[in-house]
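One structure below.
The values are calculated or read from the model by the stated rules, or taken from the named source; none is laboratory data. Source: prediction; values computed, not measured. Methodologically, a virtual Cβ is constructed for each residue, glycine included, from the backbone with ideal geometry; neighbour enumeration extends over all protein chains shown.
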């Protein structure tokens with residue numbers, strides 16, 4: 001067996017030398033080497049060519065901390081046919097890498113395989129690929145366009161997180177799962193089509209996509225994670241397919257199907273808003289960072305205001321909390337710096353969590369002593385500092 005391995009390595013080395021000899025005269029060999037069953041050649045123009053059969057090794061491990069090629073000199077990567085997977089962290093941090101050629105033999109792109117390749121502008125993922133690993137293209141800030149092949153069903157968490165230059169992404173009908181923070185921070189993305197095949201949208205999946213103006217949730221989606229569309233400053237409408245059994249929308253606002261829980265008010269909507277009378281719960285972070293909201297009408301049907309529901313609504317000046325509200329979650333009005341007056345109509349004790357008005361400043365708080373808000377005389381305004 002040792003003799004066979006020795007012969008194999010010798011053959012690969014000779015192949016490497018042969019490739020070097022056959023290179024164009026103006027593309028001299030700068031460096032070359034052997035990694036297991038693979039050979040690599042880096043020419044003077046920055047093109048790295050990798051040849052071999054099977055799965056490339058993973059990096060960022062004790063055994064394999066880094067590949068042996070000089071990352072900073074690579075501008076183009078050519079992966080030859082026969083290679084079946086690109087290992088974890090293989091090209092991570094190749095900051096000058098501009099283009100990659102991936103053959104149809106590749107079926108797997110590993111975790112953080114291209115993370116931090118900030119000069120990479122376009123990537124063509126072949127139809128042979130069935131899986132892209134966690135944070136595979138994390139913070140590839142120069143990436144402008146990506147087409148996900150119809151061979152994929154699952155977009156892993158953080159796959160394209162921080163790709164701020166991304167203006168176009170095509171998600172095929174084969175995809176059912178969009179992972180946590182998959183497209184978070186893609187601030188250049190102005191339009192998005194979520195295919196009808198999708199059932200799961202992970203938490204923070206499209207947060208910080210400030211260029212998005214509208215989103216349509218298709219009929220099969222049964223789960224939308226927390227903060228899925230947060231800090232999307234340009235988002236004015238979240239619409240839901242009428243046949244969806246888990247969610248609904250009204251005037252571009254996202255609710256559960258029965259419209260008893262308000263899930264998300266789009267951050268780009270400005271002015272006044274009246275919550276529908278069917279709503280019982282104002283959901284977790286539902287108006288988070290909606291700085292353009294100037295007035296809110298909370299109906300008498302509401303019993304619960306969840307954590308961080310109005311946090312960061314700096315344009316909000318006046319709030320009436322209706323009589324049936326029994327729970328006000330932590331950080332509910334956190335950072336509402338423009339808030340000057342609150343009327344709490346409740347006459348029964350309420351559960352008031354921590355930091356409800358943290359960062360608000362001075363406000364006039366009209367409340368009954370029994371509400372549990374503050375100690376004050378009935379029907380008298382209190383000036384409170386939070």
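List of remarks:
- Spans of strands (runs of 3 or more DSSP E) in the stretch 223-304 with at least 3 residues under 21 Å from residue 353 (Cα atoms) and modelled with pLDDT of 95 or more: 261-264
- Per the conditions (1) assigned to a loop (DSSP other than H, G, I, E, B); (2) in contact with a strand residue (DSSP E or B) (Cβ under 8 Å, 6 or more places away or on another chain); (3) closer than 19 Å to residue 249 by Cβ, the sole criterion not satisfied by residue 209 is (2).
- Any hit, the stretch 253-264, residues being free of Cβ contacts under 8 Å to residues at least 60 places away in the same chain, more than 21 Å from residue 321 (Cα to Cα) and surrounded by 15 or more Cβ atoms within 10 Å (Cβ to Cβ): yes
- All positions within the stretch 318-335 that are in a strand (DSSP E or B) and farther than 21 Å from residue 272 by Cα: 327, 328
- Some residue of the stretch 156-166 being surrounded by fewer than 21 Cβ atoms within 10 Å (Cβ to Cβ), touching a strand residue (DSSP E or B) at 6+ places or on another chain (Cβ under 6 Å) and either closer than 27 Å to residue 101 by Cβ or modelled with pLDDT of 95 or more (or both): no
- If you filter the stretch 50-63 down to residues that are surrounded by 19 or more Cβ atoms within 10 Å (Cβ to Cβ) and assigned to a strand (DSSP E or B), you find that the one that is nearest to the chain's Cα centre (by Cα) is 50.
- Test: residue in the stretch 69-79 that is more than 19 Å from residue 119 (Cβ to Cβ) and over 28 Å from the mean Cα position of the chain (by Cα): no
- Of the residues making up the stretch 75-100, those that are under 16 Å from residue 134 (Cβ atoms) and assigned to a strand (DSSP E or B) number 2.
- Sole residue being under 24 Å from residue 208 (Cβ atoms), free of Cβ contacts under 8 Å to residues at least 60 places away in the same chain, in a loop (DSSP other than H, G, I, E, B) and over 29 Å from the mean Cα position of the chain (by Cα), chosen from 338, 359: 338
- Residue match in the stretch 147-167 (condition: part of a loop (DSSP other than H, G, I, E, B), closer than 23 Å to residue 36 by Cβ and within 18 Å of the chain's Cα centre (by Cα)): no
- The set of residues in the stretch 341-375 that are under 19 Å from residue 320 (Cβ atoms), surrounded by 14 or more Cβ atoms within 10 Å (Cβ to Cβ) and modelled with pLDDT of 75 or more comprises 342, 343, 344, 345, 346, 350, 352, 356, 357, 360.
- Residue selection: residue 211 fails the criterion of being within 28 Å of residue 315 (Cα to Cα), at pLDDT 95 or above and more than 16 Å from the chain's Cα centre (by Cα).
- Of the residues making up the stretch 341-356, those that are at negative phi and outside any strand (DSSP E or B) are 345, 346, 347, 348, 349, 350, 353, 354, 356.
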